[in-house]
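Structure first, commentary second.
The values are calculated or read from the model by the stated rules, or taken from the named source; none is laboratory data. Just so we're clear, the structure is a prediction, and the values are computed from it rather than from any experiment. Every residue, glycine as well, gets a Cβ built from its backbone with ideal geometry; the counts of neighbours run over all protein chains shown.
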Amino acid sequence: MFTAFISAITPVFLIAALGFFLARKTDYLEHPGLAMLSSQIALPALVFTSVTQMKVPVTEMGYLMGVTALCLAVGATLIAIFCKLLNTSPRFYLSTLVNPNTGNLGIPLVFALLGPEALASAVIISTTVTLSHWTLGTTAMSGQYNWRSLVTNMPLLALLSGAIVVSMDLTIPVPISRALDSISGIAIPIMVMLLGLSLARLKIGGARQVGIIAGLSIYRPLSGFLIAWLVVSLITIDTTAALSLLIQMSMPVAVMSYVLTVRYGGPVDRIAALTITSIPVSLVILVLIFNFQSALL
């Protein structure tokens with residue numbers, strides 16, 4: 001089983017390593033439009049095609065989004081309580097320790113470990129987490145809420161469009177369907193290479209308080225896994241969706257949290273360190289999920 005696990009995730013990390021190498025040695029990934037292409041074009045196409053091709057019922061879609069939101073809400077409540085007890089502001093840690101890296105890393109790993117049939121669940125979960133970044137994350141870090149971030153959120157719009165197509169049993173013309181398939185096909189490779197780019201750019205030399213960083217690195221993936229496991233143990237949910245949720249919630253600190261921390265003037269070095277140091281913990285948890293999935297569900 002461990003060999004199968006390594007075989008499944010190796011392509012993901014090879015592509016990330018390629019992104020890291022390209023970022024160090026070339027300027028191929030430097031154009032700001034590449035990130036926009038991934039988040040505003042390729043990922044929405046992937047969301048739309050996954051939902052429509054798998055024909056996920058709207059009720060199941062909403063249910064999975066609700067389950068994901070429940071996991072995030074429990075995580076946010078725990079962080080708020082811990083920060084209160086420690087007399088520490090949750091401003092930059094609420095979203096960072098609650099919202100996992102479901103985009104650059106979560107979707108590719110779900111696809112690698114569970115196959116194409118889990119892709120729809122993965123993108124629904126990831127879209128929900130993205131919404132959390134642009135609601136919980138931006139509100140906590142900035143101190144104010146911007147509703148326009150929802151109206152202009154392309155993955156959410158793609159998800160809603162896919163839900164309309166499925167609910168109305170509409171048929172997408174073949175040329176359009178093939179075009180969307182081709183566009184969505186570049187989403188995962190670009191996201192993973194951009195993860196490598198982000199890791200290559202991060203500056204962690206000034207990070208201090210190693211013990212705190214180590215503790216938070218363990219907390220983010222482990223708490224996400226335990227919360228998701230508790231939730232799927234208490235509710236009725238499809239096995240594939242449950243495994244996808246366990247994997248996604250066990251992901252490390254999101255690069256998006258680092259980006260938002262930079263934007264709002266937070267502890268950049270510490271959050272940058274967490275995006276890297278939490279990855280090994282996630283990998284250990286993934287091995288456990290992959291090898292003991294029948295015992296978990």
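Please verify whether Asp269 is surrounded by fewer than 23 Cβ atoms within 10 Å (Cβ to Cβ) and touching a Gly at 6+ places or on another chain (Cβ under 9 Å), treating the condition exactly as stated. Full working, then the answer.
Details: surrounded by fewer than 23 Cβ atoms within 10 Å (Cβ to Cβ): yes; touching a Gly at 6+ places or on another chain (Cβ under 9 Å): yes.
Criteria met by Asp269.
Looking at (1) surrounded by 14 or more Cβ atoms within 10 Å (Cβ to Cβ); (2) part of a helix (DSSP H, G or I); (3) in contact (Cβ under 8 Å) with a residue 12 or more places away in the chain; (4) not acidic (Asp, Glu), find the lone condition where Phe92 falls short.
Among (1) surrounded by 14 or more Cβ atoms within 10 Å (Cβ to Cβ); (2) part of a helix (DSSP H, G or I); (3) in contact (Cβ under 8 Å) with a residue 12 or more places away in the chain; (4) not acidic (Asp, Glu), Phe92 violates only (2).
With (1) in contact with a strand residue (DSSP E or B) (Cβ under 7 Å, 6 or more places away or on another chain); (2) farther than 21 Å from Leu260 by Cα as the list, and Thr96 as the residue in question, which single condition is left unmet?
All conditions are met except number (2).
Can you name the number of the only condition in (1) of a type outside the set (Lys, Arg); (2) touching a strand residue (DSSP E or B) at 6+ places or on another chain (Cβ under 6 Å); (3) not in a helix (DSSP H, G or I) that Leu170 fails?
(2)
In segment 237-280, what count of residues is obtained for those that are within 22 Å of Leu119 (Cβ to Cβ) and modelled with pLDDT of 90 or more?
Here the count works out to 16.
What about Arg220, is it of a type in the set (D, E, K, R), within 15 Å of the chain's Cα centre (by Cα) and part of a helix (DSSP H, G or I)? It would help to see each step written out before you state the result.
Numbers: of a type in the set (D, E, K, R): yes; within 15 Å of the chain's Cα centre (by Cα): yes; part of a helix (DSSP H, G or I): yes.
Here the answer is yes, as Arg220 does meet what is asked.
Report, by residue number, each residue of segment 244-265 that is touching a residue at least 12 places away in the same chain (Cβ under 8 Å) and either among the polar types (S, T, N, Q) or assigned to a loop (DSSP other than H, G, I, E, B) (or both). Give the steps one after another, and end with the answer.
Pass one, segment 244-265, residues touching a residue at least 12 places away in the same chain (Cβ under 8 Å): 244-258, 260-261, 263-264.
Within segment 244-265, Ser244, Gln248, Ser250, Met251, Pro252, Ala254, Ser257, Thr261, Tyr264 qualify.
I'm told Thr152 meets every condition in (1) within 21 Å of Met54 (Cα to Cα); (2) surrounded by fewer than 13 Cβ atoms within 10 Å (Cβ to Cβ); (3) β-branched (Val, Ile, Thr) except one. Can you identify the failing condition by its number?
It is condition (1) that Thr152 fails.
Search segment 29-45 for residues being assigned to a helix (DSSP H, G or I) and touching a Leu at 6+ places or on another chain (Cβ under 8 Å), and hand back the single one that is nearest to Leu131 (Cα to Cα). Spell out how you get there, then give the answer.
Narrowing segment 29-45 to residues assigned to a helix (DSSP H, G or I): 32-45.
Adding the requirement that they be touching a Leu at 6+ places or on another chain (Cβ under 8 Å) leaves 34-35, 38, 44-45.
Values: Leu34: 21, Ala35: 18, Ser38: 16, Pro44: 13, Ala45: 17 Å.
Taking the candidates together, the pick is Pro44.
Out of all the residues in segment 140-199, which are charged (D, E, K, R) and touching a residue at least 24 places away in the same chain (Cβ under 8 Å)?
So in segment 140-199, the residues charged (D, E, K, R) come out as 148, 169, 178, 181.
Within segment 140-199, Asp181 is the sole residue that qualifies.
Here's the yes/no breakdown for (1) closer than 20 Å to Thr261 by Cα; (2) aromatic (Phe, Trp, Tyr); (3) in contact with a Pro (Cβ under 8 Å, 6 or more places away or on another chain); (4) part of a helix (DSSP H, G or I):
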| position | (1), (2), (3), (4) |
| --- | --- |
| Gly103 | yes, no, no, yes |
| Val110 | no, no, no, yes |
| Glu117 | no, no, no, yes |
| Ser121 | no, no, no, yes |
| Gln144 | yes, no, no, no |
| Ala163 | no, no, no, yes |
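For segment 235-265, name all the residues that are surrounded by fewer than 18 Cβ atoms within 10 Å (Cβ to Cβ) and either small (Gly, Ala, Ser) or over 20 Å from Ile285 (Cβ atoms) (or both).
The initial filter retains those residues of segment 235-265 that are surrounded by fewer than 18 Cβ atoms within 10 Å (Cβ to Cβ), namely 235-236, 238-240, 259, 262-265.
Across segment 235-265, the qualifying residues are Ile235, Thr236, Asp238, Val259, Val262, Arg263, Tyr264, Gly265.
Condition (residue is in contact with a Gly (Cβ under 7 Å, 6 or more places away or on another chain) and modelled with pLDDT of 90 or more) applied to segment 58-79: is it met by at least one residue? Give the steps one after another, and end with the answer.
So the first thing to find is which residues in segment 58-79 are in contact with a Gly (Cβ under 7 Å, 6 or more places away or on another chain), and the list is 75.
If we keep only those that are modelled with pLDDT of 90 or more too, we end up with 75.
Within segment 58-79, one or more residues are in contact with a Gly (Cβ under 7 Å, 6 or more places away or on another chain) and modelled with pLDDT of 90 or more.
Got at least one residue in segment 173-183 being crowded, with 18+ Cβ neighbours inside 10 Å, farther than 17 Å from Ser257 by Cα and more than 21 Å from the chain's Cα centre (by Cα)?
Step one: filter segment 173-183 for residues crowded, with 18+ Cβ neighbours inside 10 Å, giving 180, 183.
Now narrow it down to the ones that are farther than 17 Å from Ser257 by Cα: 180, 183.
Filter again for more than 21 Å from the chain's Cα centre (by Cα), leaving 180.
Checked segment 173-183: at least one residue is crowded, with 18+ Cβ neighbours inside 10 Å, farther than 17 Å from Ser257 by Cα and more than 21 Å from the chain's Cα centre (by Cα).
Which residues, taken from segment 46-58, are part of a helix (DSSP H, G or I) and of a type outside the set (Ser, Thr, Tyr)? Walk me through it before giving the result.
Within segment 46-58, the first condition is being part of a helix (DSSP H, G or I), and the residues that meet it are 46-54, 58.
Once the filter is applied, which keeps residues that are part of a helix (DSSP H, G or I) and of a type outside the set (Ser, Thr, Tyr), segment 46-58 yields Leu46, Val47, Phe48, Val51, Gln53, Met54, Val58.
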